[in-house]
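Asker: I'd like to ask you about the structure that follows.
The values are calculated or read from the model by the stated rules, or taken from the named source; none is laboratory data. The structure presented is a predicted model; accordingly, all values stated were derived computationally and were not measured. Note: ideal-geometry Cβ built from the backbone for every residue, glycine included; neighbour counts use all protein chains shown. Only protein heavy atoms, including side chains, enter the accessible area calculation; ligands, DNA and RNA are left aside. Shrake-Rupley method; radii C 1.70, N 1.55, O 1.52, S 1.80 Å.
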Amino acid sequence: MDNCLLIDCPYTSFPRSFARDYKETYRYPPPTTVYGCLLSWVGEEDLMAHVGVQLAIGILGDESSVSRILRKQRHHKFSKTHQGNYRSAQFSKPNFQEVLTDVKITVRVNSKEETASVPLCDRLKIAQSTPEQLSRFGGLSLGESWAMVNGIRAYRPTDGAIRWLVKDQRGLIGLPVWIDRKTSQGTFQRFSLQESGREFSEQSWVTIKPPKTPSQSTPKRRKRYQ
């Protein structure tokens with residue numbers, strides 16, 4: 001299958017948007033997380049650089065195992081009093097978190113709706129063929145910064161059958177497509193998981209783009225006063 005990547009991550013977590021003290025994880029990688037991983041791979045820091053790109057996400061192998069760990073987490077909000085300085089003894093406490101192990105996913109990328117001068121598809125090909133042309137920093141993660149990937153490469157048929165996530169308004173899988181870092185709000189999409197071995201469906205394509213702000217929407221008509 002052309003233009004299809006395999007991402008292998010041994011240990012990660014996709015915290016649910018509503019998770020607080022007990023950090024539950026999504027069972028499948030959200031499109032917004034996969035998009036961020038691909039941007040990191042090509043060395044792009046601007047989230048808006050490839051808005052309009054379409055992604056299709058598939059699952060390889062069995063369901064990833066879910067484990068519960070105990071880790072120290074910080075709980076605070078930025079304020080003028082602390083100015084970003086928080087003592088661990090006052091703002092850190094142990095909490096439970098769910099993690100996934102042995103995560104292997106496939107990603108297809110469609111850049112037809114992009115407006116970037118160099119589409120993401122082409123940049124990903126450069127990352128595979130001539131990675132020395134890339135300018136990036138830090139490790140490559142799928143999810144949080146500690147969730148380092150084993151690697152990314154082209155998918156091979158010998159890797160096994162793919163179960164694609166398909167858009168389905170009645171699906172039981174809800175995943176974020178875009179999250180605003182400033183407001184923590186975003187857009188979500190419901191999915192269902194195809195059976196193993198079925199052909200790729202066009203309903204698997206998900207467009208990565210931010211929601212329209214009130215200023216971008218149609219202005220309301222002014223009321224007429226008599």
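Asker: Working only within region 122-152, note down all residues that are modelled with pLDDT under 95, open to solvent by 70 Å² or more (accessible area, probe 1.4 Å) and touching a Leu at 6+ places or on another chain (Cβ under 9 Å).
Answerer: Residue satisfying the conditions is Q128 alone.
Asker: Being over 18 Å from I208 (Cα atoms), without any contact (Cβ under 8 Å) to a residue 60 or more places away in the chain and not β-branched (V, I, T) is true for just one of L172, L140. Which residue is that?
Answerer: Step by step, each of L172, L140 is checked, and only L172 is over 18 Å from I208 (Cα atoms), without any contact (Cβ under 8 Å) to a residue 60 or more places away in the chain and not β-branched (V, I, T).
Asker: Sort through R170, R181 and tell me the only one that's loosely packed, with under 14 Cβ neighbours inside 10 Å, closer than 22 Å to V51 by Cα and not β-branched (V, I, T).
Answerer: Just one listed residue meets the conditions, R181.
Asker: Something else about it: Would you check which residues across region 152-172 are in a strand (DSSP E or B) and closer than 13 Å to Q203 by Cβ and list them?
Answerer: Keep residues of region 152-172 that are in a strand (DSSP E or B), which gives 152-154, 162-167.
Within region 152-172, W164, L165, V166, K167 qualify.
Asker: Restricting attention to region 7-61, and to residues there that are over 17 Å from A147 (Cβ atoms) and of a type in the set (D, E), which single residue is modelled with the lowest pLDDT?
Answerer: Across region 7-61, the extreme among qualifying residues is D21.
Asker: Between a first residue in region 116-130 that is more than 12 Å from V42 (Cα to Cα) and a second residue that is not aromatic (F, W, Y), which pairs have beta carbons less than 7 Å apart while being 6 or more apart in sequence or on different chains?
Answerer: Going by the 7 Å Cβ cut-off, the qualifying pairs are A116/A49; A116/H50.
Asker: Given the options R190, R221, R163, R198, name the one that is modelled with pLDDT under 90 and either open to solvent by less than 70 Å² (accessible area, probe 1.4 Å) or in contact with a Lys or Arg (Cβ under 9 Å, 6 or more places away or on another chain) (or both).
Answerer: R198
Asker: Could you list all residues from region 135-170 that are of a type in the set (K, R) and in contact with a helix residue (DSSP H, G or I) (Cβ under 6 Å, 6 or more places away or on another chain)?
Answerer: K167
Asker: Moving to a separate point now. Take the residues in region 97-115 that are of a type in the set (A, V, I, L, M, F, W, C) and touching a Cys at 6+ places or on another chain (Cβ under 6 Å); name whichever of them is farthest from E45 (Cα to Cα).
Answerer: V103
Asker: Give the number of residues within region 115-165 that are of a type in the set (V, I, T) and over 25 Å from T12 (Cα atoms).
Answerer: The total comes to 4.
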